[in-house]
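Structure first, then comments.
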Amino acid sequence: MRSFIRILFKSIGWLLVLLIGAVLILSLIGVKVDLSHLRGGVEVAAGKALGRQVTIAGPVELEFSNWPALEVSDVNIANAAGAAQADFLNAGLARMQIGVFPLLRGEINIAEVTAENVTLNLENDVQGRPNWIFDGAAAAKEQEPDKTETDGKLITFAALGSLSLKQINVNYHDAALDKSLSFVLDSMEGTAAKNEPLNLHFAGKVQDRGYDLKLEGSPIVELQDREKPWNFELKGVAFDKEIASKGDLIMRGHRPEINLALVLRDVDVGYILAQLGLVEGMQASLGDVGMKVSINGGSLMEVLQQSSLLFKVKDGNWNVRLPNSEASLQIRELGGDILVEKGNNITMKLDGLIDETPVKMLITGAPLVEYVTNQDEIPLTIDAEFAKSRLSFAGKLKLPVTYLDLMLALQVSSERIDHLNDLLRLDLPPVGPVSLESKLHVTEAGYDLSTLAVKVGESRLNGKLKLGMSESKPRLDISLVSELIQLDDFDTGGQEQGAVAQTAGDTEKDTEKPEQVVEEEAAEPQAGNRRKLLSYEVLSAFDADINIEARDVRSGEDELGAALMRVDLEDARLAVEPLSIKVPGGGIQVDMDLTPSPTDVKFNIKAGIEEFDLGIMFRRLKPGTDMGGNFKLDAQLHSQAEDLASVMQNADGHFDFALV
C-alpha cells in the first residue's frame, strides 16, 4: 500500500513538472491559442466587471510567452442607461501584451497596447455623472477594502513599451449643456519606458481642423503620485498654427486639473468664434498671444464654470465691419489682456490704433458658461476712448451675434468734435462738449436711434434719427425738438474774439499765449486729407431730411424766441428751406441752397429780417455794452464759383438793409 502511494505521488509530481515545462516551452517559443470557444465566458466575466453588457463578435486569441498577449476583435461595450448613444465603445481590434516576470515583482510592465478602428462615445448626464465610470467597477471598489491603505501599495505601474492607436473616433456629449464635440485621432504612437520620459506623437482632426502634436512628460510612474504635479511639454501644429507649451497635470480627488502656458501666433479669432457659434462675420486676428490656461472639472459644464484663462495679446488686428455697409474700421497694433476667470465675466482690455489715433477699449461679456447655456440674452458692454472722446455700447445679444439684428444702448461724448477730424477725415468745427444718448437698433434696413438725446453745452435736443441703408445711397432722417438752444454753445470763434478784445490795451500780452493754449495748439491734428463738410465728396455720399424745432433760442442772456429749420440734402444739393426765427417785434426768414460739384459750386440765398435787435450782436462782441438799434434786411443773392471760398466774390443780386 505504501509503495502504491509513493508511486502515485511521484506520478503526480512528474505530471506537474511536465505541465510546467510545457507551459515554459510554450512561453519561450510563443504559441497562439484560439480561445474563441470561451468567448461567452469572457463576455460574461467582462460584463460583470464593468457593469455593462460586453459583446465580442470576432476571434479571441491568447499568445503564450514570457510576455503573454491577449487579442480580441470586434468588441462592443454597451453604454450607461439613459445615455444618448447605445454603445460606449466599438473596437475593431484590441491587443495587450504584459510581462509575467515583472508582475511577480509587483510591477505592471506593458510591452504593447494596440487598438484600431475604435469609436468611443463619452458623455456626462444632466447631473454631471460620466459614463466612463463603470457600475461594476464602482460597486466592487465600494465592497472591497482599499489595499493601498491597509496593506501598502502591492502593485505599481512601471512602464509601457509601445502604444499604437489608429483610427480612433471620440464623440463627447454633455447632457446638462446639450452640447456635443467630436475629434478624430488618426494615430497615436508612444513609449513610456521605466524611469524614462513619456513620449507621445498623435495626429488627427478636431471639428474638421487638423493637428499633429508631440507630448513629452515626466516618467509615467510619477502620475501615480497624486500630491505632486506631473509635468509635460506639448509641441507641434494645430489648426495650421505652431504650438509650443509647457504645463502640468494634477489630480484633485478623482478630477484632473491641467495648467498650461503657451504662445500662439496669428490666431484667427473670427473663425474660432464662428465655429463656436458665438459671432458671425467677424474679421479679427491676434498677432502674438501668450496664454495661461487652468482647466478644471469632470464635465464640459464644470470645465466652463471652473476654468480660468489669461490671454496676453500683441500685434493684433480687428477689422470692424459697419453693418449694412462695405465700409469698415481697421484697428491695428492691438494689444492687451483677455481675462476669463472662473465664474466671472469675460473682460478684454485692449489698446490699438485707428489710422494714427490711439484707442483704448474695455469689452465686458458674460461668464464663459453662459455663452453655451444661455443663448437668448448675453450681456455685452463695449467702452472705447479715443481722440478725447468716448463711445459706449451696452445691451443683451442673441447668439450667434450678427451685424443685422442688434439692440443696444448707445452713449457718445466728446470734449470737442474737432478732435475727431483726423479719425473721420473731416474738417469739423471746434464745438463742445458734446454728448449723445439713444437706443440703437441695427437691422437689415439700417440704423434706428429712436430715443435720441443730444447735449451741446447747455443746449438740449431730443428726438429720433434713422439712417436707411436699403437704397443705393444712404439716407439720413433726423427730427429734433429743443427746449433750449444756446447760441454760445455753437460759437466757434468766441475764444479768438475774446483774445483780440483782451489784447486791445496790451500789445505784449498778444505775443504771449498761456502755456495751456500753446499745449492745446501743439496737440491739434494737422489738416492733412480732411474733407470739408460742404464739399461735393461729403454731400454726394448720402441724402438727408433734417427737421429741428427750437422752442427757446438764446444768445447769452438775450432771448431771441422760437426757431424752426428744415434741411434737405438730395444729390449733393443742400437746401435750408426755411430757417425761421421769431424774435420780439419781428423775425428772421432764410431760404438757401448750396450745390457743389467736382468742378464748381452753386449758391443761392434769400433772406428777410424784420426789427432785429442789434444789441444782441453787440453784446456778443462786447458783453455789457449798451449799444443797440434795429436792423432790417431784404437780400437775394446768386453765385457760381470755383470753390466755396470765392462764392461771395462772384455773387450777384440785391442786398437792401436799414438801421433804425
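The values are calculated or read from the model by the stated rules, or taken from the named source; none is laboratory data. Source: prediction; values computed, not measured. Quick reminder, even Gly has a Cβ in these numbers, built from the backbone with ideal geometry, and neighbours come from all protein chains shown. Heavy atoms of the whole protein, side chains included, go into the accessibility calculation; ligands, DNA and RNA do not. Shrake-Rupley method; radii C 1.70, N 1.55, O 1.52, S 1.80 Å.
Taking a Cβ cut-off of under 11 Å around Pro59, the surrounding Lys, Arg, Asp and Glu residues balance to a net charge of -2, with basic ones at +1 and acidic ones at -1. For the range 68-88, the residues whose amide N sits under 16 Å from a probe point set 7 Å from the Cα of Ala49 along the beta carbon direction are 68-73, 75-78. Residues in the range 455-462 carry Karplus couplings, in order, of 10, 10, x, 8, 6, 10, 9, 10 Hz; the curve used is 6.51 cos²θ - 1.76 cosθ + 1.60 with θ = phi - 60°, and Gly or Pro positions show x. Using a/c under 1.5 as the rounded threshold, could you call the range 349-415 rounded, prolate or oblate? The axes a ≥ b ≥ c are square roots of the C-alpha gyration tensor eigenvalues, and prolate needs a/b larger than b/c, oblate otherwise. It is prolate, given that a/c is not under 1.5 and a/b is the larger ratio. Pairs spanning more than 26 Å between alpha-carbon atoms, out of Lys179/Lys349; Lys292/Lys388; Lys292/Lys360: Lys179/Lys349; Lys292/Lys388.
The overall shape of the range 178-329, judged from the alpha-carbon gyration tensor, is prolate: a/c is not under 1.5, and a/b is greater than b/c. For Asp178, the shell of other residues with beta-carbons less than 15 Å away shows a net charge of -4, using +1 for Lys and Arg and -1 for Asp and Glu. Rolling a 1.4 Å probe across the protein heavy atoms gives the range 339-465 an accessible surface of 51 Å² per residue. By the Kirkwood approach, averaging reciprocal distances over each pair of separate Cα atoms, the range 366-499 gets a hydrodynamic radius of 17.0 Å. Whole angstrom only: what separates the Cα centroid of the range 187-259 from the Cα centroid of the range 391-410? One Cα centre to the other: 40 Å. Residues whose amide H falls under 5 Å from that of Ser459, counting only those 5 or more places apart or on a different chain, are Gln486, with hydrogens built in the peptide plane.
Cross-link partners of Lys194 among lysines, defined as those whose alpha carbon lies under 29 angstrom from its own and excluding same-chain residues fewer than eight positions apart: Lys32, Lys141, Lys147, Lys153, Lys166, Lys214, Lys228, Lys235, Lys246.
Along the range 216-223 the Karplus relation, 6.51 cos²θ - 1.76 cosθ + 1.60 evaluated at θ = phi - 60°, assigns HN-Hα couplings of 10, x, 4, x, 5, 5, 6, 5 Hz to successive residues, with x for each Gly and Pro.
Its alpha carbons give the range 377-417 an Rg and a Dmax of 12.2, 37 Å.
Taking the Cβ of Arg390 as the centre, find all other residues whose Cβ is under 10 Å away and add up their charges (Lys, Arg: +1; Asp, Glu: -1).
Values: positive: Lys360, Lys388; negative: Asp383, Glu385, Glu415.
Around Arg390, the charge tally is -1.
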